[in-house]
1. Taking the Cα centre of segment 330-414 as origin and charging only Cβ (+1 Lys, Arg; -1 Asp, Glu), how large is the dipole, in debye to the nearest 20?
2. Within a 10 angstrom radius of the beta carbon, how do HIS204, HIS465 rank from fewest other beta carbons to most?
3. Report the Stokes-Einstein translational diffusion coefficient (µm² s⁻¹, integer) for the chain, Rh taken as the Kirkwood radius over Cα pairs, at 37 °C with viscosity 0.692 mPa s.
4. Counting other beta carbons within 10 Å of each Cβ, put TRP71, TRP457 in order, fewest first.
5. Over the residues of segment 277-394, compute the C-alpha Rg and express it relative to 2.2 N^0.38 Å.
6. In debye to the nearest 20, how big a dipole does segment 426-511 give about its Cα centre with +1 on each Lys and Arg Cβ and -1 on each Asp and Glu Cβ?
7. Please list log₁₀ I(q)/I(0) at q = 0.13, 0.14, 0.25 Å⁻¹ for segment 343-409, using the Debye equation with identical point scatterers on the alpha-carbon positions.
8. Averaged over every viewing direction, what's the projected area of the C-alpha convex hull for segment 406-511? Give it in nm², one decimal, please.
Amino acid sequence: MSAALDDLRRRALEIADLHGIGGLLLWDQNTMMPPGGSDARADQFEALERILHDRVIDPGLGRTIEALEPWAASADPDSDDVALHRALKRDHYKAVNVPTDLAAEISSASAHAQQSWMAAREAKDFKVFQPALERVLELQQRYIACFDGTAEFAHPYDVLLDDYEPGLTTEELRPLFATLQDELVPLISAAAAAGEEGRVFPGHFPAEQQKALAGELLRAVGYDPEHWRLDAAVHPFARSMSHTDVRLTTRWEEDDLAMAVYSCLHEFGHGLYEAQMDPRHYRTTLAEATGLGVHESQSRLWENLVGRSKPFCEWFLPLLRRHLGGAFEAIEVPDLYRSVNQVRLSLIRIEADETTYNVHIALRFELELALVEGRLSVADLPDAWDEATHRLLGLETPSLLEGVLQDIHWGAGMVGYFPTYTIGNLMSAQLWGALSAELPDIEESVAAGDFAPLREWLRENIHRHGRKYTSRELLRRATGEELQVEPLLSYLEGKLLDAGLLTAPVRIPRT
Ligand code: ZN
């Protein structure tokens, strides 16, 4: 038995290292690599993918997993080794069900579709993208068919969801999005009517000043220069090679300070998840996030629940004044609090405020589900997009770039990914509820710039476990709850009222 376990651990270690190398390639591609390096980098990614895929589908791994079955069935299900066995078994099972040729076809069709998506944006013509997207969806159907008759997935779309948030189902998502939609639409229109125009932080702030501010902000929340880096990237992201090497990126927009401030907090939340994994899981399959929804819950928690709260504004305003002076001398905490929580009806998801954001995701969920179920054709997608935008946001879509061509996900083959953003938002509000019950002084700590109790709570309840528990189990252990919408909705309405962005409650409290 112990020989088989050793074999399992040895295989896990190599797979974990290969993932770390992939992370480094990706980080470098988006921060340091000169543009001319892109073809060679694509070759390197492909080589690495092939090696990783071979390791995961290796029949030797299959035999080891099988040999350990009787032991795993009788040992403590919460032990690290049993969790490792479970994680590798799942990865192996999912990979061997998909023929290598199909996996390669999917990856090349996605690369091609991303190019078409860019060309279509350039030409402002959906027809340029349409054939490539049709191909992507056709391959997704073949991918789904690989799991036909396995009894594991009740709905075709579940197969796709599972790649991003294991265990999440269509049946579970439908009512969540229906409630969000029903409740958010009136809330948004009431708050948007009361809102004002203009940027969150008006003014021009040189990148050097922003860097100094972001440096102090990040060190205060928990950025450790010994183990972390911050660099510039067009689309901010976070990546880690291990818990000891965490890379954040941001964008310095001189006329939009909110970009750097909130992307730093967002990516810090992602980074902290990886930095606070239990070192015991290092170089194993357990040193990974358990799902993208959980990962996103961590970034949204720091960006929104912390970064747009009144106590945070109390702590942050003096920092803004010290680094940027001028404009910030003239405003007070309630102004800042109100400003960072403004609600505006907008067409672009990545520019959407916290309250509106999930309506953008509801729209994408509705459309991609219709595509997968065959109720909507790619040719009809642009009209369906515009119709849904009008229905949900009351807005006309003046151009494809502000409509169906705004996101790269579908072109990149990522169908079933969007819901993880909303799962992250829902979880972040649930986690905040649980942690503020356990840490009654949390608001005082944040206002004083002491983020250690918050970091510790997250380490203990979420981060350290890595992939040991499923998202469902992790949420249950941390909050005692299943995934639900009410905590997010009441948090949003409460904050809008508190910030003076709503004059009276809009929602009818649900029991
Ligand atoms: Zn994120």
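1. Numbers: 6 positive and 15 negative charges, 22 e Å.
Taking the Cα centre of segment 330-414 as origin, the dipole is about 100 debye.
2. Working: HIS204 11, HIS465 21.
Lowest count first: HIS204, HIS465.
3. Numbers: Rh = 24.2 Å.
Estimated diffusion coefficient is 136 µm²/s.
4. Arranged by neighbour count, lowest to highest, TRP71, TRP457 become TRP71, TRP457.
5. Taking N as the residue count of segment 277-394, the ratio is 1.50.
6. Working: 11 positive and 13 negative charges, 109 e Å.
About 520 debye.
7. Each listed q corresponds, in turn, to -0.32, -0.37, -1.18.
8. Numbers: hull surface 39.1 nm².
The number I arrive at for segment 406-511 is 9.8 nm².
A short reminder: the numbers here are calculations on the coordinates, not readings from a lab. Because the structure is predicted, anything quoted here is derived from the model rather than measured. Glycine also receives a Cβ, built like all others from the backbone with ideal geometry; neighbour counts cover every protein chain displayed.
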